[in-house]
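Structure record follows, encoded as structure tokens.
The numbers here are math on the coordinates, done by the rules we state, and not lab data. Predicted model, so just to flag it, every value in this text is computed and none were measured. Reconstructed Cβ throughout: ideal geometry from the backbone, glycine too, with neighbour counts over all protein chains shown.
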Amino acid sequence: MKKLLISISTVMIFFLANVIPTQASGNEVIEHGILKNNRVLIPIRAVSQNMGIDVKWNQFQKTAQLTIGETVITLAVQFKRALVNQDRDDFDAPVELIQNTTYVPLRFVSQTMGAEVKWDQKTKEATVILDDKQVVVKLMKPKYQVPTNQRLSDTRIARLSEKLNEASDLSKVKQVRTYFKPYFTDRLIQQIIEQEGLHFKEMNFDMNTATVNYASNTSAMLIQSYIPGNILTGELHYVFDREAHIIYANGAWKVDKVSDHLRQIPNMSLEPDLQ
């Protein structure tokens, strides 16, 4: 939520928290589901632990490992793939880390974990059933209600991502301030000029791994991940995460700050079109 080459951490710390379940009608109730891009996301730690599933979190890798009997499922934040033992299982939305809690699409629970899922459109509740255990996940009310006409469009996100990629090599840009002014704040443009471009050169972050989370009505975080290669043994992927802090001012969303982080995740046979 810093860089190359870093040895893998062996300490597994599952810090994802503060999702405390309650009970209603004999069922565990979790109040922290999220509706995002017309998909229901659920906090995997809270749901899994209430199902009796062992969960471990690796802070450095940003990976979660679930153990169900003899089945081991590995998830990596920002990616749409799980490793089930050594088999690959792809789903339609990435694993996300939101406010220090790891979320997975509801479909993952049925498709990969083998649980039965029931969705109540009227109450906006998901019921997850596995063996003799049952958990109800309620959608929490968004902290910020960003007006529809003010939200970041897919087109704008793609354009900001494109300009961030271009900002890594200023040799191709003639008038830096003029060129980037519609997309970056003056502060970021000045920083880019002083350091002669952003750090992640020759890395074209694409929209396959893009996630956006709003911090307020006028600020958001765009997170993207890029796999430049593997460690020598091939057991781990290197992953660069780019975090762009975006602010809304004068009718437009612009990038104000950018940071990047390096991590390593288990080799999940991720290719650019499957990230």
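Tell me, what is the Rg over Rh of the range 148-274, with Rh the Kirkwood radius over Cα pairs?
Values: Rg = 15.4 Å, Rh = 15.5 Å.
On the Cα set of the range 148-274, Rg over Rh gives 0.99.
Take the cross-link list Lys124/Lys254; Lys141/Lys181; Lys141/Lys163; Lys80/Lys257; Lys122/Lys143; Lys56/Lys141 and give me the ones stretching past 30 Å between alpha-carbons. Kindly include the intermediate steps, with their values, before the conclusion.
Details: Lys124/Lys254 34 Å; Lys141/Lys181 35 Å; Lys141/Lys163 33 Å; Lys80/Lys257 26 Å; Lys122/Lys143 21 Å; Lys56/Lys141 28 Å.
Over 30 Å apart, Cα to Cα: Lys124/Lys254; Lys141/Lys181; Lys141/Lys163.
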Query raised in the report: Okay, which of the range 231-246 sit inside 18 Å, backbone N to the point 7 Å along the Cα-Cβ direction of Lys257?
Result: 241-246
Requested in this report: Please give the direction-averaged projected area of the C-alpha convex hull for the range 59-216, in square nanometres with one decimal.
Outcome: 12.8
Query - Taking the range 21-151 and dividing mean pair separation by its residue count, relative contact order in percent (alpha carbons under 8 Å, at least six apart) - result: 23
Query - the range 167-275: GluC sites (Glu not before Pro) falling in loop per DSSP and having at most 11 other Cβ within 10 Å - result: Glu196, Glu202, Glu235
Requested in this report: Count the DSSP beta bridges whose two residues both fall in the chain, then state the antiparallel fraction as a percent rounded to the nearest 5.
Outcome: 95
Query raised in the report: What is the log10 of I(q)/I(0) for the range 22-139, computed with the Debye formula using one identical point scatterer on each Cα and no solvent, at q = 0.14, 0.16 Å⁻¹?
Result: -0.53, -0.70
Report summary line: Under 5 Å from the placed amide H of Ala215, counting only residues 5+ away or on other chains, we find Ala220, Met221
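Of the DSSP beta bridges with both residues in the range 148-274, give the percent that are antiparallel, rounding to the nearest 5.
Taking every DSSP beta bridge with both residues in the range 148-274, the antiparallel ones total about 95 percent.
Want the number for Asn204 to Met221: 0.36 nm per residue separation, take away the alpha-carbon distance, what's left?
On the way: separation 17, 0.36 × 17 = 6.12 nm, distance 1.82 nm.
Difference between extended and current length: 4.3 nm.
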Query - P(r), alpha carbons of the range 113-172 - 5 Å bins starting at zero, rounded % - result: 4, 13, 12, 10, 10, 11, 11, 11, 8, 5, 4, 1, 0
Report summary line: For the range 204-211, Karplus-derived ³J(HN,Hα) couplings (6.51, -1.76, 1.60; θ = phi - 60°; whole Hz; x for glycine and proline) come out as 9, 5, 10, 7, 5, 10, 7, 10
Query - Alpha-carbon spread of the chain, three principal axes, descending order, Å - result: 65, 48, 28
